[in-house]
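Peer 1: This is the structure, below, for whatever I ask next.
The values are calculated or read from the model by the stated rules, or taken from the named source; none is laboratory data. Everything numeric in this text was worked out from a predicted model, so none of it was measured. Virtual Cβ from ideal backbone geometry, glycine too; neighbours counted across all protein chains shown.
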Amino acid sequence: MNLNPQTTALVMIDLQHGNVARELAPYPASQVVANSVRLAEACRAAGATVVYVRVSVGELVGHDADRALPGLKAVPPNPSDIVPEAGMQPGDFLVTKRQWGAFHATELDQILRRRGIKDIILSGIATNIGVESTARTAHDLGYDLVFAEDAMSSIGAGAHDWAVENMFPLMGRVRSTGQVLAALPKA
């Protein structure tokens, strides 16, 4: 696998306080964030587009924001803010969504198309919710997908594994963070 930085974007889903505070499996949030940062740094260095996506917890359609989310004992302060350790930089894009997926009623597709993006690398929390919802729409829109399997996690290992083993191979390529990094040209 080789990725052309001019036509590739890294889209990181919901690396925000409300998700990073959750108990996740099979990978802890710290590993998901660390692997996503490694991908972001390599993408920036190669000249690829970097996009952070967050869900506006108080505006999530069909969700009671006062209720604790699965895997979370209490909603933390600033649940919609990207965690500082995710390393957002000037020049990166920030997309705010109000649904599970990052395309509906957001500017994500426009950001990607205006830059000639064809390949999307996906990472984030949760594998079978925000990442999968975003992937389904991206696939429908004709993007080629790469799933950084160890740069995403879910509320339970079974949910993560099911998406990675059964759904993602139907939509794109499932790879480790190391394999994705190897597919990007070195700066």
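Peer 1: Mind counting the residues in the range 147-171 that are surrounded by 14 or more Cβ atoms within 10 Å (Cβ to Cβ) and either free of Cβ contacts under 8 Å to residues at least 40 places away in the same chain or more than 14 Å from I121 (Cβ to Cβ) (or both)?
Peer 2: Going through the range 147-171, the residues surrounded by 14 or more Cβ atoms within 10 Å (Cβ to Cβ) turn out to be 147-157, 159-164, 167-168, 171.
Then drop every residue that is not either free of Cβ contacts under 8 Å to residues at least 40 places away in the same chain or more than 14 Å from I121 (Cβ to Cβ) (or both), which leaves 147, 149, 153-157, 159-164, 167-168, 171.
The total comes to 16.
Peer 1: Out of the range 12-29, which residues are touching a helix residue (DSSP H, G or I) at 6+ places or on another chain (Cβ under 8 Å) and either assigned to a helix (DSSP H, G or I) or among the small types (G, A, S) (or both)?
Peer 2: G18, N19, V20, A21, A25, A29
Peer 1: Continuing with this model, one more query. Which members of the range 114-137 meet the condition of being over 15 Å from D14 (Cβ atoms) and buried (at least 24 other Cβ atoms within 10 Å of the Cβ)?
Peer 2: I120, I121, listed by residue number.
Peer 1: Next question, about the same structure. Specify which of the listed residues (W100, W162) is more than 16 Å from V33 (Cα to Cα) and modelled with pLDDT under 95.
Peer 2: Values: W162 fails: modelled with pLDDT under 95.
After ruling out the rest, the residue left standing is W100.
Peer 1: Given L181, L141, L170, L145, which one is more than 20 Å from A102 (Cβ to Cβ) and modelled with pLDDT of 95 or more?
Peer 2: Working: L141 fails: more than 20 Å from A102 (Cβ to Cβ); L170 fails: more than 20 Å from A102 (Cβ to Cβ); L145 fails: more than 20 Å from A102 (Cβ to Cβ).
Among L181, L141, L170, L145, only L181 is more than 20 Å from A102 (Cβ to Cβ) and modelled with pLDDT of 95 or more.
Peer 1: Those residues that are in a strand (DSSP E or B) and aliphatic (A, V, I, L, M), I need them from the range 124-165; list them, please.
Peer 2: The answer is I125, L145, V146, A148, A151, M152.
Peer 1: Pick from G58, G71: which is over 19 Å from V146 (Cα atoms), part of a helix (DSSP H, G or I), over 17 Å from the mean Cα position of the chain (by Cα) and modelled with pLDDT under 95?
Peer 2: On the way: G71 fails: part of a helix (DSSP H, G or I).
Step by step, each of G58, G71 is checked, and only G58 is over 19 Å from V146 (Cα atoms), part of a helix (DSSP H, G or I), over 17 Å from the mean Cα position of the chain (by Cα) and modelled with pLDDT under 95.
Peer 1: List every residue pair whose Cβ atoms sit under 8 Å apart, with the two residues 6 or more apart in sequence or on different chains, where the first one lies in the range 172-186 and is surrounded by fewer than 17 Cβ atoms within 10 Å (Cβ to Cβ) and the second, anywhere, is among the basic types (K, R).
Peer 2: none
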